[in-house]
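The next block holds one structure in the form of structure tokens; read it before the comments.
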Amino acid sequence: MGKIDSYKKERKKYLNGIDYVKRKMKRHIILLSLMALAVIVYSVYCTIDMKMQDARSTEMYVKEYTEQIADQIDMEVDGGMKTVHCLSEENELKKDEDTILKFLDHKREIFGFDFAVYKNAETEQIITSGTIMNKKQEVIALKNTEVFREVLEKGFCAVGIKNGTILYAQNIYTDGEKVGTLWVGYQEERFKDIFEAKVFQEENSTSYIINNHGDILLTSDEKSRNLNLAVLLGNDEDTRSDILKMRDNIAEGKNGVFRFLTGDHQDYYLAYAVTEIDEWTAVTLIPADLFTGFSDSYVGKMLGCLVVALVVFGALFTLLFKGYSENSRKIEKIALCDDVTGGINRIEFQMRYQELCRRKKAEAYTLVLMDCMDFKMINDSLGAKNGDRMLEYFYAVINSCLYPEKDEFAARIEMDHFFLCLKEKNPDIISRRMDRIVEEINSFKNTDLTECSISFWMGACAIENNETDLVVLQDQARAVVKNLSRQEAGTLIFFDNNLAEKIQREREMERGFDESLLNGDFCVYFQPKVDFRKEKVAGAEALVRWNLPERGMVSPAEFIPLLESNGKICMLDRYVFDFVCKSIKKWKAEGRDLFPISVNLSRCHFVHDNFLSDFIRIAEKYQIDRRLIEFEITENIFLDVSQIRKVKEGLHMIHQYGFRCSLDDFGVGYSSLTLLRELDIDVLKLDRSFFSDLDNRKARNVITSIVQMSEGLGITIVAEGIETKNQICYLDTIKCSTVQGYFFSRPLPVCEFEKWVESFIISDYM
């Protein structure tokens, strides 16, 4: 019994041991299974989440890429429209057929048009230059399309696409009458760099330009040309829904992206971005497996290996993560890189700035804008391809001058505008650094580019705190550049409170100009010109003052440059001219003595061949003697050398129609005595700076030489800014007797001026 009992005890103990092992193994198996299941579930969850994030990231990157294409299209079309607009204003288009043809051939060669067409509005005659698809019939067919009819009827520039040809059209007017229409066309190769750049090196990716109906206007894919996008994508119900939503978004000016399956079950992303051109939308088709190929492949391997052995799971996950990372870096590189310079783009620039703000470091930095002067001229002369190479070179030099260890960075934000974020607050140090950058650019080291003199407008703004929005800073830098003169090119100017106040005042003046012109807030003053030898009033200058209701009198030095920059100075000049003509008519009716009145004429007028037509119409309206009107142009009109020919032609026209002409502010530094001999002017007004230091013998000799030369040329001299008796005595010695200045009178309102003329006696002053 004892042995049996002992055996039972041992057996029970053994069985209990086995059960324990089994239970333990079972627990381990269950635990291992649960762990494996957890790993699988977690892996599946991570995979799904990763694919969702991948899809979201992909959509964002594809959308950004398409928006970049839309921006490129906008820049290309904007350049073309500006070119056609400038050509339409050329006088040669209003001459005989041979002249027009030669003009078209010449401009086609310069600007690279494939063809140019001019249609006379009266005779319906069509003059062509270059190779045109199906000749004139296709041009006429495009002219009859809805977009061209609408735009051309309104008198604006139009752009359209027909059979792979980009066509620009511009109505031409003379005295408000339509005299013809100019068409120029480029073959689709003009957009070659935009459309043949395969997205992410994928051959199956394609870009298009479509209209609001979904018709494909332009593409590098010959098979899909002239098709409708809906036909190309297929007739699947989900796809139709996406297309309808896309059309609604396009109509509202919204960009977007969606994923779809083609008829042969190929997975694609389609992104669309509305351009600034009416009825043009940029579209990009990209295979979805370009982004999901890595992840799909590794996910399959991972799930398969998890079933066989958990040991392989870690390796597969590592491979998956590596592939995903590589794919993400690849996409990120494309989305955050500038396709012209190869450097970072505006998105990456903004992200880096935000990172500085997050780390509370932005306030240690300064934002600098570099705007290349006359880059359009460089681009036109070198060609678009070499122009892009030039921009790439600029960025390479700029980037080489930065300190990455200090988190400095730079990017081409748009066109030829480069923004730099420099870790420096001292304006002098920043100025020296920018000088070195410009100097390095002009050295043209390590490049085969054509060397030329490159200048930049440069504006800067210090980052005051980490809460400042980047857009605000960029606008401030742009405001600095906008307010720079050509003489300030190459000089770094900082944004300050004075400029901020100036911008605010300018905005107020721009908003109030039209209303002020209608309300008569512009007041015309007259400042007499006196011939002290003949003891009589020799004339007067009409000067304008702006009396803003909320601000009072505004200085001409403040509003004249503003109106010249926005083109409204021409309206103001005509307003003053009308007032002067009306005053002369009144004086004649009252039997008063009449003398020439000079009216300032802005250089903005000279860009138009027929700018005098409005002035002639006003003069005829009041029936005044045109010899009583003297147009004044300032010496700085010759700052732009390219405009000298236009000015000479304008001066000849002024005399041809019976008006007089004077050159104001002579001597401030732009004109030369040689140029003076070439100008057809009646009066030369010596700037007040000549008479500020009459004790200087050299100054007196210069004045004497000018007076003698002008006398030999038959030009009348008027001394400006005369304020003292001593100046009058000196002028008497050199036989310069016509003066204008406070010695005799300040500028006067018309009523006071009339009283002054009536009471003028030379002895009261001499």
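The values are calculated or read from the model by the stated rules, or taken from the named source; none is laboratory data. Every value quoted in this text rests on a predicted model; they were computed, and no experiment measured them. Note: ideal-geometry Cβ built from the backbone for every residue, glycine included; neighbour counts use all protein chains shown.
Numbers for the structure displayed
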read-out: Test for N466: is it within 30 Å of K360 (Cα to Cα), exposed (fewer than 14 other Cβ atoms within 10 Å of the Cβ) and among the polar types (S, T, N, Q); value: no
read-out: Residue pairs meeting the criteria (Cβ under 7 Å; at least 6 apart or on separate chains; first closer than 22 Å to R617 by Cβ and assigned to a helix (DSSP H, G or I), in the range 647-672; second modelled with pLDDT under 80 and of a type outside the set (A, V, I, L, M, F, W, C)); value: none
read-out: Residues located in the range 746-764, provided they are in a loop (DSSP other than H, G, I, E, B) and under 18 Å from R545 (Cβ atoms); value: R746, P747
read-out: Positions within the range 677-688 being in contact with a strand residue (DSSP E or B) (Cβ under 9 Å, 6 or more places away or on another chain) and modelled with pLDDT under 85, in sequence order; value: L679, D680
read-out: Where a residue in the range 709-735 is within 18 Å of E630 (Cα to Cα) and its partner, wherever it lies, is assigned to a loop (DSSP other than H, G, I, E, B), with Cβ under 7 Å and at least six apart; value: I715/I681; I715/D682; T716/D682; I717/C736; A719/C736; E720/D687; E720/G741
read-out: Residue in the range 422-429 that is surrounded by 15 or more Cβ atoms within 10 Å (Cβ to Cβ) and of a type in the set (V, I, T) present; value: no
read-out: Residue check, I618 surrounded by 20 or more Cβ atoms within 10 Å (Cβ to Cβ) and not hydroxyl-bearing (S, T, Y); value: no
read-out: Among the candidates V702, V739, residue that is under 16 Å from S598 (Cβ atoms) and either in the same structural domain as F595 (by TED's automatic domain parsing) or in contact (Cβ under 8 Å) with a residue 40 or more places away in the chain (or both); value: V739
read-out: The range 422-456, residues that are in a loop (DSSP other than H, G, I, E, B) and of a type outside the set (S, T, Y); value: K423, E424, K425, N426, F444, K445, N446, D448, L449, E451, C452, I454
read-out: Some residue of the range 412-421 being part of a helix (DSSP H, G or I) and either at pLDDT 90 or above or surrounded by 18 or more Cβ atoms within 10 Å (Cβ to Cβ) (or both); value: no
read-out: Options E541, E515, E501, E508: the member that is outside the structural domain of M370 (by TED's automatic domain parsing), out of contact with any helix residue (DSSP H, G or I) (no Cβ under 9 Å at 6 or more places or on another chain) and buried (at least 19 other Cβ atoms within 10 Å of the Cβ); value: E541
read-out: Qualifying positions in the range 346-364 - touching a Leu at 6+ places or on another chain (Cβ under 6 Å) and buried (at least 20 other Cβ atoms within 10 Å of the Cβ); value: Y353, A362
read-out: Matching residues, the range 91-134, being without any contact (Cβ under 8 Å) to a residue 60 or more places away in the chain, part of a strand (DSSP E or B) and over 13 Å from G185 (Cα atoms); value: I126, I127
read-out: Residue tally, condition touching a residue at least 40 places away in the same chain (Cβ under 8 Å) and part of a helix (DSSP H, G or I), over the range 367-397; value: 18
read-out: Test result for T674, closer than 25 Å to Q708 by Cα, assigned by TED's automatic domain parsing to the domain that holds G567 and modelled with pLDDT of 80 or more; value: no
read-out: Index of the failed condition, F743 passing every other in (1) closer than 21 Å to G539 by Cα; (2) assigned to a loop (DSSP other than H, G, I, E, B); (3) at pLDDT below 90; value: (3)
read-out: Contacts under 8 angstrom Cβ, first residue in the range 238-249 being touching a residue at least 24 places away in the same chain (Cβ under 8 Å), partner loosely packed, with under 15 Cβ neighbours inside 10 Å, 6 or more apart; value: R247/N212
read-out: Residue among E355, E414, E348 that alone is on the phi < 0 side of the Ramachandran plot and either of a type in the set (V, I, T) or within 19 Å of the chain's Cα centre (by Cα) (or both); value: E414
read-out: Failed condition for Q487, given (1) out of contact with any helix residue (DSSP H, G or I) (no Cβ under 7 Å at 6 or more places or on another chain); (2) of a type outside the set (G, A, S); (3) touching a residue at least 40 places away in the same chain (Cβ under 8 Å); value: (3)
read-out: Matching residues, the range 708-732, being of a type in the set (S, T, Y) and either in a helix (DSSP H, G or I) or not assigned by TED's automatic domain parsing to the domain that holds S662 (or both); value: S710, Y730
read-out: Whichever residue in the range 715-740 is of a type in the set (D, E, K, R) and within 21 Å of L676 (Cα to Cα) and, among such residues, is modelled with the lowest pLDDT; value: K735
read-out: Members of the range 557-574 that are over 18 Å from V607 (Cβ atoms) and exposed (fewer than 15 other Cβ atoms within 10 Å of the Cβ); value: A557, E558
read-out: Only listed residue being at pLDDT 90 or above and not polar (S, T, N, Q), chosen from G459, G490; value: G459
read-out: Residue under evaluation D475, criteria (1) out of contact with any helix residue (DSSP H, G or I) (no Cβ under 7 Å at 6 or more places or on another chain); (2) part of a helix (DSSP H, G or I); (3) within 24 Å of C570 (Cα to Cα), criterion not met; value: (3)
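Residues are listed down the side, and each one gets a yes or a no for (1) at pLDDT 90 or above; (2) within 18 Å of D338 (Cα to Cα); (3) over 20 Å from the mean Cα position of the chain (by Cα):
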residue: D371; (1), (2), (3): yes, yes, no
residue: D374; (1), (2), (3): no, no, no
residue: D428; (1), (2), (3): yes, no, yes
residue: T468; (1), (2), (3): no, no, yes
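Here is a yes/no grid of residues against (1) farther than 17 Å from R511 by Cβ; (2) surrounded by 13 or more Cβ atoms within 10 Å (Cβ to Cβ); (3) not assigned by TED's automatic domain parsing to the domain that holds E752:
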| position | (1), (2), (3) |
| --- | --- |
| L548 | no, yes, no |
| S555 | yes, no, no |
| V576 | yes, yes, no |
| W587 | yes, yes, no |
